[in-house]
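Please read the structure below before turning to the comments.
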Amino acid sequence: MRLKTILIILAALPFVLIALFFLYSYLLSPPGSGQDLSRQKGVPFPALMAHRGVSGLAPEETRPAYLLARELGADYLEADIQRTKDGVLIALHDDDLTRTTNIEEVFPDRAKDGVETFTFAELMKLDAGSWFNETHPQWARPSFVDTKILTLAELVDIADGGYHKPGLYLETKSPERFPGIEKEIIDLLAKRGWVGEASEPGASEDASLEEAPMDAPDRVNVRNMPGRLIVQSFSVESLEIFKELAPEVPRVFLFGQGTVEESGSFEAVLEQAQTVNANAGPSGYMAWPWYTSKIHARGMIVHYYTINQSWQMWLINQFGADGIFTDRIDIALDYFGRMEEPDIEEYFKKIGY
Ligand code: G3P
Ligand code: CA
């Protein structure tokens, strides 16, 4: 064989292999392969979750992050739920308050203490917004300063209070630290018409926000779908409690590579999830078509976390995912064709930030 022919074959080989890989992926787990399963479970497809709100553009798990997510048209507002010493359910990701508040200034001797050791009144002394301005100067806004930690009740107000009616996707974070939290979450949501027979949301806190947003023609109405509330956890025990309390509420078992290693295999993780009839919420690093197809084969839907770049959204969509958690719901809505690149400044103006 002539040298030129060998060089041509060598140059073409990577492209051929990539094409074969995508063909294999398409045959195994084509885009949209979980759409019917999502529909059966009353969950939108593809489901786009605003992870801790629009946490790429505003302080995570706070009012501006969730208001922006709702106004842009996220399907779900995702939040991590914990409990104060005096029993108030709040949205907060970390076990302690050092990363996302100024606790070192306000309670220097207790800075590393768990959130469950603070009363709600104590938490209200904290500024949960300024850290974001320091960490992300390109997205900093003076109006974020002194943003407060949000309660679950306030998050429900936000979900119910606009033109779009997103769902809620709530995680029990380190639930072993909060015995009984599952019942408290379900009770609060049931009182607000989110569990059991759906009821219409109450009057909006601000009627002007009920007006149609500028560039989102399709109204989000997940609030009125059976999957309006999804509960998620890295703890099977917590999901088991949810299953007993409210079997009709979809459950998602979260896991990463560490869970697979501990359990021994990917199949073993899925079996764990199936003991509580849960769906799957794996890390985005595991979004391969051979995993997605195994999940669908068990009748489970799969939502991957945390996907922030449009090329990742493209790839994961090609591999058959049913939804994503993202810190940049604006990018996801644009990528999935729900809106043109939104004017974020206008949205912040509308929500008063
Ligand atoms: O809930 C999905 C994803 O949020 C899980 O990871 O650590 O961001 O809560 P984490
Ligand atoms: Ca979470």
Over segment 31-351, relative contact order from alpha-carbon pairs under 8 Å, at least 6 apart, %: 22
Pair-distance profile P(r), taking every C-alpha pair of the chain, with 20 angstrom steps and integer %: 29, 56, 12, 2, 0
J(HN,Hα) series, segment 112-122, from Karplus relation 6.51 cos²θ - 1.76 cosθ + 1.60, nearest Hz, glycine and proline x: 8, 6, x, 4, 6, 8, 10, 6, 4, 4, 5
Among 338, 228, 83, residue whose mean-square fluctuation peaks in a GNM of the chain (springs only between Cα atoms under 10 Å): 338
Segment residue 340-residue 10, length gained on full extension (0.36 nm per residue, minus Cα span): 114.7 nm
Solvent exposure, largest accessible area first (probe 1.4 Å, DNA, RNA and ligands not counted), of 346, 182: 346, 182
Accessible area of segment 31-351 belonging to carbon and sulfur atoms, whole % at 1.4 Å probe: 50
Fraction of beta bridges assigned by DSSP in the chain that are antiparallel (%, nearest 5): 15
Dipole moment magnitude, nearest 20 debye, segment 31-351 about Cα centre, only Lys, Arg, Asp, Glu C-beta charged: 640
Ranking by accessible area, most exposed first, for 245, 10, 333 with a 1.4 Å probe: 10, 245, 333
Centroid-to-centroid separation of segment 150-198 and segment 236-272 [C-alpha atoms, Å]: 20
Helix-only [θ]222 nm of the chain, DSSP H runs n ≥ 4, -39500 (n - 2.57) each, per residue, nearest 500: -10500 deg cm²/dmol
Near-label residues of segment 143-165 by backbone N, under 19 Å of a point 7 Å along Cα→Cβ of residue 219: 157-165
Most positive-pole-ward Cα, 278, 232, 222, against dipole of the chain from beta carbon charges: 278
Solvent-accessible surface ranking, highest first, for 16, 54 at 1.4 angstrom: 16, 54
Rg to Rh quotient for segment 240-300, alpha carbon positions, Kirkwood Rh: 0.97
Extension gain (nm, one decimal) between residue 109 and residue 36, 0.36 nm per residue minus Cα-Cα: 21.0 nm
Relative contact order %, segment 1-153, counting alpha carbon pairs below 8 Å whose residues are six or more apart: 18
Average accessible surface area per residue within the chain, 1.4 Å rolling probe, Å²: 44
Label point distance in nm, residue 99-residue 17, each placed 7 Å from Cα along Cα→Cβ: 3.6
Residue-span extension gain [residue 190 to residue 245] - 0.36 nm each, minus C-alpha spacing: 18.7 nm
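The values are calculated or read from the model by the stated rules, or taken from the named source; none is laboratory data. No experiment lies behind these values; they were computed from the predicted model shown. Every residue, glycine as well, gets a Cβ built from its backbone with ideal geometry; the counts of neighbours run over all protein chains shown. These accessible areas exclude ligands, DNA and RNA; they are computed on the full protein's heavy atoms, side chains included. Shrake-Rupley method; radii C 1.70, N 1.55, O 1.52, S 1.80 Å.
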